[in-house]
Structure formats: structure tokens, C-alpha cells
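All remarks here apply to the structure that follows.
Where a number appears in this text, it was derived from the coordinates with a stated rule and is not lab data. The structure displayed is predicted, hence computed values, not measured ones. A quick note on method: Cβ atoms are made from the backbone with ideal geometry, for glycine too, and the neighbour counts reach across all protein chains shown.
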Amino acid sequence: MSPLLALHQAVSELTAAIAGQALDDALENRLNAEFGVDSGLYARLRAACEQGVAKGALCRREAAGIRYGRAFQPEAALQGFSVDVVHMQDIAGPHHVHPTGEIDLVMPLDAAARFDGHGAGWVVYAPGSAHRPTVSQGRALVLYLLPQGEIRFG
């Protein structure tokens, strides 16, 4: 199975499980409890992302030392989420706002790597939140789920 198909299937399974939930701390806790680093879904998502990057299907663009790319536009099969994958190493990305929130899966490629201070697992940003995404202490892949693909840079 291609990495993109594997990624689509895994994200579809995830988004079906969380459809309609508020993007908040409760969702972050649920994601880490049910789909955390020891889960089969986490393993499938990580494997699909790593294989997709290795085969050149993901993170096909690069700017300012960050490799990135949108894997999927929002669609019904993904409950209206878009899917982006980013590869970062010891760098801060561009400041942006999440008008409808953001769900991130942090996949450290170096054991000590952190994304916005978080190790491996899920991070949820509420609607209206903003940040300058930062990977420190090594390399990490980050999968971003954006409701309706909404993001505002600047």
C-alpha cells in the first residue's frame, strides 16, 4: 500500500472517531489516552509519514529550512480536516493563527526532539489560538489537522 493511501486511511479512522468534538484540552487528553504513542493508530500514522517523506510523497516543498506539504485537502472522508506534514529540525516556523483550531501529532525523529515543548503525542490548539511552531532538541515530523484547512499566517 502506498504511504499516502495508508496515511489517508489512518487519518480517516482518527477523524471519524473524533468527529464533532471541540478542539480543546479534553480532546488532547482523549487523543493521548486512546491514540497515543503506544497505540496501533499512532504507529500506522508515523510509519505512513516516515515512508511518505522517504519516498518523496510528503514534505515536497522547502522554505527557510522547513520541509512541508499538504497531503490532503479537506474532504468528507476526513470529516472536513486538511492534512499537512512538516519536517523540522531546531527551528521556529512562521507565526500563524488557527481560526478553527489545530490538532498536531508530534513524531520525534530524535528522541529528545520537542514541538512547542511537547514530546511524542498529540497537541490540540483551540479555535483562535496562535503560535510560532517550534521544534527544538533535534528533528521531528509533525502532522497537522486543520478544520476546513483554515490557517492564517502573519
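The lone criterion from (1) under 24 Å from Asp24 (Cα atoms); (2) in a strand (DSSP E or B); (3) free of Cβ contacts under 8 Å to residues at least 24 places away in the same chain left unmet by Asp38 is number (2). Checked against the criterion of being more than 21 Å from Pro99 (Cβ to Cβ) and either more than 15 Å from the chain's Cα centre (by Cα) or charged (D, E, K, R) (or both), the candidates Ala16, Ala22 yield just one match: Ala16. For segment 48-66, the count of residues that are within 13 Å of Ala10 (Cα to Cα) and either out of contact with any Asp or Glu (no Cβ under 6 Å at 6 or more places or on another chain) or of a type in the set (A, V, I, L, M) (or both) is at least one. Glu28 meets each of the listed conditions (1) out of contact with any helix residue (DSSP H, G or I) (no Cβ under 8 Å at 6 or more places or on another chain); (2) of a type outside the set (Val, Ile, Thr); (3) in a loop (DSSP other than H, G, I, E, B) apart from (3). In this entry, Ala16 is excluded by the filter for residues that are in contact (Cβ under 8 Å) with a residue 40 or more places away in the chain, among the small types (Gly, Ala, Ser) and not in a helix (DSSP H, G or I). Checking each residue in segment 37-66 for being more than 13 Å from the chain's Cα centre (by Cα) and either acidic (Asp, Glu) or more than 20 Å from Gly121 (Cα to Cα) (or both) picks out Asp38, Ala54, Lys55, Gly56, Ala57, Arg60, Arg61, Glu62, Ala63, Ala64, Gly65, Ile66. Summed over segment 138-154, residues that are more than 24 Å from Gln51 (Cβ to Cβ) and either of a type outside the set (S, T, N, Q) or in a strand (DSSP E or B) (or both) total 6.
Residues in segment 124-142 that are surrounded by fewer than 16 Cβ atoms within 10 Å (Cβ to Cβ) and among the small types (Gly, Ala, Ser): Ala126, Gly128, Ser129, Ala130, Gly138.
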